[in-house]
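Structure first, then comments.
The values are calculated or read from the model by the stated rules, or taken from the named source; none is laboratory data. Here the structure is a predicted model, which is why all the values come from computation and not from measurement. In this analysis, Cβ positions are derived from the backbone assuming ideal geometry, glycine residues included, and neighbour counts consider all displayed protein chains.
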Amino acid sequence: MIVDERITAYINTLEKELPFHLKELEKSALLEGVPIIRKETQTFLRFLLAVKKPRRILEVGAAVGFSAIFMSEYMPEDCTIVTIEKVEMRLVKARKHISFAPRRNKITLLEGEALVLLKKLALDGPNSLDFIFLDAAKAQYLNYLPEIMRLLSKGGILVTDNVLQDGTVAESRYGITRRDRTIHTRMREYLYTLTHMDELETAVIPVGDGITVSTKVK
Ligand SMILES: C[S@@+](CC[C@H](N)C(=O)[O-])C[C@H]1O[C@@H](n2cnc3c(N)ncnc32)[C@H](O)[C@@H]1O
């Protein structure tokens with residue numbers, strides 16, 4: 001937890017209630033230990049969707065479909081979502097949950113390795129996505145970035161989740177267990193790159209497990 005637990009608990013009491021189907025899906029995902037977006041992250045995404053009013057969303061990391069279905073509830077009527085997942089056990093559940101979602105016709109689930117699919121993704125050509133939510137293999141984020149930049153439109157929003165890794169990203173490399181050093185290094189490289197790219201304006205925000213919000217300015 002990167003924000004004081006008491007403060008997070010208080011903020012959570014202010015969050016709007018989820019629609020019944022999302023509440024049930026959230027409950028079952030948490031029971032099964034699926035790492036879905038936290039309450040604070042949900043609110044933040046809902047706010048961004050209300051401000052940006054995107055037309056085309058890409059999500060990398062569908063898990064069991066919670067965040068894709070969540071975003072579909074709060075996106076504009078004419079918006080569509082493409083979401084990517086590679087783990088069969090998760091895909092089985094994501095297919096089922098999406099098939100019951102009220103706006104299922106707006107969600108496309110792509111099955112396979114994210115980097116391979118991102119490279120193939122053409123949609124309406126480059127710059128065709130105005131909202132991208134990155135929530136998959138954390139150590140791969142930097143590898144996804146060239147494709148993300150190709151697909152993101154000018155003025156488009158890129159949101160990346162779990163960038164502060166429960167606060168460990170702020171620790172010195174020597175304070176990190178050997179097991180976590182690779183992700184620590186990769187996440188720091190990703191954050192440095194995002195915050196220093198001329199094409200992006202990025203804010204690192206200590207919400208949930210840490211989020212970056214970037215907009216393509218060039
Ligand atoms: C944190 S979970 C996503 C949670 C989901 N966004 C939500 O909040 O409901 C990350 C997901 O990314 C998937 N994933 C990780 N690496 C991937 C890759 N290289 N290609 C496709 N999916 C990947 C994992 O299988 C996992 O289900």
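Structure notes:
- For region 56-81, a residue qualifies if it is in a loop (DSSP other than H, G, I, E, B), more than 7 Å from the ligand (Cβ to nearest atom) and surrounded by 23 or more Cβ atoms within 10 Å (Cβ to Cβ), and exactly one does: Met75.
- Test: Ser128 is under 23 Å from Val3 (Cβ atoms) and away from the ligand (no atom under 15 Å from the Cβ): no
- Residue within region 82-97 that is assigned to a loop (DSSP other than H, G, I, E, B) and either within 11 Å of the ligand (Cβ to nearest atom) or aliphatic (A, V, I, L, M) (or both) present: yes
- Scanning region 159-181 for residues that are of a type outside the set (A, V, I, L, M, F, W, C) and within 18 Å of Leu45 (Cβ to Cβ), we see that the one that is surrounded by the most Cβ atoms within 10 Å (Cβ to Cβ) is Thr160.
- Among the residues of region 1-55, just one is in a loop (DSSP other than H, G, I, E, B), within 13 Å of the ligand (Cβ to nearest atom) and basic (Lys, Arg), namely Arg38.
- For first residues located in region 182-204 and surrounded by 17 or more Cβ atoms within 10 Å (Cβ to Cβ), partners that are charged (D, E, K, R) and lie 6+ apart or on another chain with Cβ distances below 8 Å form the pairs Ile183/Lys138; His184/Glu171; His184/Arg173; Arg186/Lys138; Met187/Lys138; Leu200/Lys216.
- Complete set of residues in region 145-158 that are loosely packed, with under 14 Cβ neighbours inside 10 Å and either in contact (Cβ under 8 Å) with a residue 40 or more places away in the chain or hydroxyl-bearing (Ser, Thr, Tyr) (or both): Lys154, Gly155
- Of all residues in region 3-46, exactly one satisfies the criterion of being within 23 Å of Ala136 (Cα to Cα), of a type in the set (Val, Ile, Thr) and more than 17 Å from the chain's Cα centre (by Cα), namely Val3.
- Unmet requirement for Arg55, which otherwise passes all of (1) under 18 Å from Thr108 (Cα atoms); (2) over 18 Å from the mean Cα position of the chain (by Cα): (2)
- Counting only residues that are part of a helix (DSSP H, G or I), in contact with a strand residue (DSSP E or B) (Cβ under 8 Å, 6 or more places away or on another chain) and β-branched (Val, Ile, Thr), region 112-155 holds 1 of them.
- Selection of region 208-218 for residues being of a type in the set (A, V, I, L, M, F, W, C) and surrounded by fewer than 20 Cβ atoms within 10 Å (Cβ to Cβ) yields Val213, Val217.
Per-residue answers, yes or no, for (1) under 14 Å from the mean Cα position of the chain (by Cα); (2) acidic (Asp, Glu); (3) more than 16 Å from the ligand (Cβ to nearest atom):
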| position | (1), (2), (3) |
| --- | --- |
| Leu134 | yes, no, no |
| Lys138 | yes, no, no |
| Leu142 | no, no, no |
| Ile148 | yes, no, no |
| Leu151 | no, no, no |
| Ser172 | no, no, yes |
| Ile176 | no, no, yes |
| Glu189 | no, yes, yes |
| Leu194 | no, no, yes |
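- Looking only at region 1-44, and only at residues there that are small (Gly, Ala, Ser) and modelled with pLDDT of 95 or more, the one that is surrounded by the most Cβ atoms within 10 Å (Cβ to Cβ): Ala29
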